[in-house]
1. What percent does the relative contact order of chain A come to when contacts are Cα pairs within less than 8 Å and at least six residues apart?
2. Spelling out what I want: for every residue of the stretch B:84-92, take phi, set θ = phi - 60°, compute 6.51 cos²θ - 1.76 cosθ + 1.60 (Karplus), and round to whole Hz; glycine and proline get x.
3. Please report the base-10 log of the normalised intensity I(q)/I(0) for the stretch A:90-144, using a Debye sum with one equal scatterer per alpha carbon and no solvent, at each q in 0.12, 0.14, 0.16, 0.23 (1/Å).
4. Please work out, to two decimal places, the log10 of the ratio I(q)/I(0) at q = 0.10, 0.17, 0.22 Å⁻¹ from a Debye calculation in which every Cα of the stretch A:1-132 carries one identical scatterer.
5. Could you list which residues have their amide H under 5 Å from that of A:G28, counting only those 5 or more apart in sequence or on another chain, with H placed in the peptide plane?
6. Report, please, the projected area of the stretch B:155-236 averaged over directions, based on the convex hull of its C-alpha atoms, in nm².
7. Choose one of B:S77, B:Q162, B:S119: the residue whose Cα lies farthest towards the positive end of the charge dipole of the stretch B:56-165 (beta-carbon charges +1 Lys, Arg; -1 Asp, Glu; about the Cα centre).
8. Past the 19 Å Cα-Cα mark, which pairs from A:K115/B:K15; A:K9/B:K211; A:K9/A:K41?
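Where a number appears in this text, it was derived from the coordinates with a stated rule and is not lab data. The structure displayed is predicted, hence computed values, not measured ones. Note that each Cβ is placed from the backbone with ideal geometry, even for glycine, and that neighbours are counted across all protein chains shown.
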Amino acid sequence: MLKLKEVTKVFEGNVLALDKISFQMGKGEFLFLVGSNQAGKTTLLRLIASEERPTKGEIVFEEFNSQRMKKKYVPLLRRKLGRIFQDFRLINHMDIFDNVALGLRIMGRQEKKTKDKVHQVLGMVGLSGKAKLFPPSLSSAEKQKVAIARAIVKVPPLLLADEPTLNLDEESSEGILKLIKKINLLGTAVLLATHDFRLYNNNQAKILKMEKGKLI
Amino acid sequence: MRVFYLIGQALYGLKRRWSFNLILMVCIASSFLVFDTFLLITQNLKSVEQKLKGEVQIEVYLNDDITTLQLHLLLQSLKGFPEVEKVEYRSKQEAWTQLENYLGKDLLEGLDSNPLPASFLLGLKREHTGFEQVAEVASKIKSKEGVEDVEFGGTWLKKLDQVIFISFVVDIIFGIFIAIAVVMIVSNFMRVVVLSQAESIHIMSLMGASKGYISFPLLVQGLLLGGAAAWVGVLFLWVGYLLFASQILAIAFLPFYMIPALIGWGMILGALGSFFSIRGHLES
């Protein structure tokens, strides 16, 4: 489903961010991408989501190939991805319902089906009664739950989670991880980038370690 | 369904920044008011032109010794001009009577004989009343046998043509100037809107939103603001017309068909302004 082949990214000023990264993920797999800050985890996720193009190498995600893909297909690729960001990236002038519904609306789903699906997912993340609230009135953990709901509502084949517990306390972090695992059990592959060893220490999932842009 | 949702988003955006949008609309409406005012002046000048040109005549003075045959041939020849709508004969006596009615009998008592020539009065078709066309017809007639002289209101006809032409050019210049100004105003205001929504736009893009999905609500906002501003511009003009212009001058308001055309024009310019600002942002 996802295959990276010798992916290298060099930023302006000859800054090497990723150096010949190769790995692959199958359907429904759970993978931790671990490493300290500046290891290149976020850059790797950004490359998979086509926010950046690799300088060298190739990323293949389902029918999309980074080397051959035209710019106009980038939105189609992103619609197949669920994204969770460390800073939540919620739209503050939209209520929780609209934030979660965004992905489905972008995909052009029927409003009735969108409504049902959003309420179902909000129930799953424990935010049933908060659909009409706006992001600024939520706690950090709740915001991250909204972000998770937004990512999974379209049932993506792959979820990219970038430090999803960064700003959360231990209890909330565990709750978020449980939620992500639950989503994984439903068939969505998860690539979770984190530098928090507590998250991946007690897990059976496969771990990819990164350091200075390389897999070690 | 998605289109309705996006239109809803556009309306929500207008409502959310209503004070900002109100200022934007007043700015555009003021520009339109200037343009509408010039349009009103031109429209009225045109109707004056139509009225005056309906009265354009060529007077063909005849030689005193013209024979009946020559008179008949000349009449047929005049009727044969495609520019001529009607031909009216005025005898020497009729010309004298008209002059008498105009000046009074006393003033003409000293004259032994009638010095006035007989003449043909030619009414012209409306589409052939431009100065150059009338002058050309007059020149052709002057060379005909039995014709003493030809007169038409050359000087005032020329001036009328010039005034209409100048007002038309002014309209075009103002039209272009206002169109550029409106596009720039909307574009700059929309740039502020787009910048204030840069984060939301970026998030939508990360979620897989196409350029069309992101742009559509902002284009609709530009379209509605432009249309509303054009309508308010016409409304301001109408109020001004009722309060001042119609009281002082006998002028008519803009014809009804122009109002939807102006609103449509405003919508196009508003959408264009939005388009330029969004395109710039998305490209960057």
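1. On the way: 392 pairs, mean separation 69.1, N = 216.
Reported as a whole number, the value is 32 percent.
2. So the J values, rounded to whole Hz, are 8, 9, 8, 10, 10, 8, 10, 6, 4.
3. -0.24, -0.33, -0.43, -0.87
4. Reported log10 I(q)/I(0), two decimals: -0.43, -1.04, -1.32.
5. A:A189
6. Details: hull surface 29.5 nm².
Computing the convex hull of the Cα atoms and averaging its projections yields 7.4 nm².
7. Checked the options; the winner is B:Q162.
8. On the way: A:K115/B:K15 24 Å; A:K9/B:K211 26 Å; A:K9/A:K41 12 Å.
Result: A:K115/B:K15; A:K9/B:K211 exceed 19 Å.
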